[in-house]
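Worksheet for the structure shown next.
Just so you know, all these numbers are worked out from the coordinates, no wet-lab data involved. In this text, all values refer to a predicted model and were calculated from it rather than measured experimentally. Ideal geometry is used to build each Cβ from the backbone, glycine not excepted, and the neighbour counts take in all protein chains shown.
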Amino acid sequence: MELIGRVVVLTGAAHGIGAAMARRFAAEGASGVVVSDLDADGAERVAAGIRDAGGRAVAAVTDVTSKKDLKALVAGARAEFGPVDLFCANAGAAFGTGVHAADEQWAKSWEINVMQHVHAAQAVLPSMLARGEGCLLLTASAAGLLGVPGDAPYSVTKHAAVALAEWLAITYRPRGVRISALCPLGVRTALLEPGLAAGHPAALAIAAAAPLLEPEDVADAVVRGLSRDEFLILPHETVRDTFSRKASAVDAWITEMAAQGG
């Protein structure tokens, strides 16, 4: 998908990867960008920056754990700019906890890292299918392909996000809707940097796996991946080879990960 003339909606777009994608999509010629987040002020700053640069953008406050909010987000985007061409379900959560994480942490991880994508798809797919075109981008993580030591809820739910994206691609690509799963390794965002500062095993393992990228680097990779209709968008190219190595020798992979503190 090329971005010129497209209507784009992003969740989790007040900061980090989401904000970088919003700005980059506008620079690529998107006809309208909806910057949504729970952080109303942050979302408005990103939208205002896009408008100041000559683009068209609005901010929206959205709780991605709410099916009602996501449905309203899609309806609002349509009313403002027209049918949604690209929906980026980008909000994410990590708690840095193991299998004994609190029930609330497991539930929140599932709501944000998985059900957000389910409800976004339910909201945006009918219009895309009616038109026979559109794209749904799910921000997962390389943790959804490779796992990550030290954070069970994050690893499990990101695997589920990739599995959901795969199912959506199998089901809807033949009907004209493109599905992509964004799977970066370490990116300098508020999701990772506090863990690095605290010396958390999951954060340290991610940082050791490949050089940390800036959010803008990820946005560049997304634009390239969308233009090529890639299912897996991998800003860190090393992930592709590592994923292949894991698939060919799972027992050795588990031993290697365990040595990192899994």
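Observations on the structure shown:
- What the Cβ-Cβ distance of VAL99 and GLU166 gives, at R0 = 25 Å and to the nearest 0.05, is a FRET efficiency of 0.50.
- Lysine pair number, Cα distance threshold 17 Å (strictly under), the chain, separation 8 or more or different chains: 4
- Taking a sphere under 12 Å around the Cβ of ALA252 and counting the other residues whose Cβ falls inside, with K and R at +1 and D and E at -1, yields a net charge of 0.
- Gaussian network model of the chain, springs between alpha carbon atoms under 10 Å - residue of ALA252, ALA43, ALA13 with greatest fluctuation: ALA252
- Taking only the alpha carbons of segment 5-76, we obtain Rg and Dmax values of 11.0, 32 Å in that order.
- From its DSSP helices (H runs of at least four residues, each -39,500 (n - 2.57)), the chain gives a residue-normalised ellipticity at 222 nm of -16000 deg cm²/dmol.
- The mean sequence distance of close C-alpha pairs (under 8 Å, at least 6 residues apart), as a share of the length of the chain, puts its relative contact order at 18 percent.
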